[in-house]
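Q: My questions all concern the structure below.
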Amino acid sequence: MRSVLALDLKDDAELIAQYEAHHRRIWPEIARHLRQHGVTAMEIYRLGTRMMMIMETDDAVFDAAAMAAATEHDPKVREWEELMWRFQAPTPWTPAGQKWIPMTRIFDLAGQQGEEDQED
């Protein structure tokens, strides 16, 4: 399954640079945590302070609630999340107490009929 999520960064160039530096090589415990919970691929993109994460998961393994619970019980993962929150900010549409929020797909080229497929 693919999920696309959004989150903002605090509008501070130094904090943004630090955040990106942390993501050049995440802690091994964080990579292990993600993989153990069925995350098979993850990319984060940034434009200004807005970030977009594309996350691919193995449906046979991934359970968002179980992953969140494991995060709460793992001191190293909690430490990482607390560190990241120094740089992150909720979007204007983020419910209180949440971070990454799923985005709504509004277009998919695969669902479009191309000119070569249209009958005259």
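The values are calculated or read from the model by the stated rules, or taken from the named source; none is laboratory data. Predicted model, so just to flag it, every value in this text is computed and none were measured. Note: accessible area is taken over every heavy atom of the protein model, side chains too, but ligands, DNA and RNA are not part of it. Shrake-Rupley method; radii C 1.70, N 1.55, O 1.52, S 1.80 Å.
Q: Taking Cα pairs under 8 Å and at least six residues apart, what relative contact order does the stretch 1-103 come out at, in percent?
A: RCO, the stretch 1-103: 43 percent.
Q: Mind listing the phi-derived Karplus ³J(HN,Hα) values for the stretch 73-83, rounded to whole Hz, using 6.51, -1.76 and 1.60 with θ = phi - 60°, and x for any glycine or proline?
A: Whole-Hz 3J(HN,Hα) from phi for the stretch 73-83: 9, 9, x, 5, 5, 4, 4, 4, 4, 5, 4.
Q: Using the Karplus curve 6.51 cos²θ - 1.76 cosθ + 1.60 with θ = phi - 60°, what ³J(HN,Hα) values do you get for each residue of the stretch 90-99, in whole Hz, with x for Gly and Pro?
A: Couplings: x, 6, x, 9, 7, x, 4, x, 10, 10 Hz.
Q: Something else: Just the Kirkwood number for the stretch 1-63, please: inverse of mean 1/r across all distinct Cα pairs, in Å, one decimal.
A: 12.8
Q: With the chain treated as a Gaussian network of Cα nodes joined by springs under 10 Å, which of Ile26, Ile101, Ile44 yields the largest mean-square fluctuation?
A: Ile26
Q: Which of the following values of Kirkwood radius over Cα pairs in Å was calculated from the structure shown: (i) 14.2; (ii) 16.8; (iii) 16.2?
A: Label of the calculated value: (iii).
Q: If you don't mind, another one. With a 1.4 Å probe and all protein chains left in place, how much of the accessible area of the chain comes from carbon and sulfur atoms, in whole percent?
A: It is 52 percent, rounded to a whole number.
Q: With the other protein chains left in place, how much accessible area per residue, in square angstrom, belongs to the stretch 44-120 at a 1.4 angstrom probe?
A: Numbers: 5850 Å² over 77 residues.
On a per-residue basis, 76 Å².
Q: Follow-up. Along the stretch 65-70, what does the Karplus equation 6.51 cos²θ - 1.76 cosθ + 1.60 (θ = phi - 60°) give for ³J(HN,Hα), rounded to whole Hz, x for Gly and Pro?
A: 5, 5, 5, 5, 5, 5
Q: In addition: For Met42, enumerate residues with amide H under 5 Å from its amide H, sequence gap 5+ or separate chain, H modeled in the peptide plane.
A: The answer is Glu56.
Q: Right, something else. What residue among Ile106, Ile30, Ile16 has the largest mean-square fluctuation in a Gaussian network model of the chain, using Cα springs under 10 Å?
A: Highest fluctuation among the options: Ile106.
Q: May I pose another question? Summing -39500 (n - 2.57) over the DSSP H runs of n ≥ 4 in the chain and dividing by its residue number, what mean residue ellipticity at 222 nm do you reach, to the nearest 500 deg cm²/dmol?
A: Taken over the chain, the calculation gives -10500 deg cm²/dmol.
Q: Quick one: which residues, 5+ away or cross-chain, put their amide H under 5 Å from the amide H of Lys10? H built at 1.01 Å from N.
A: It is Gln88, Ala89, by chain and number.
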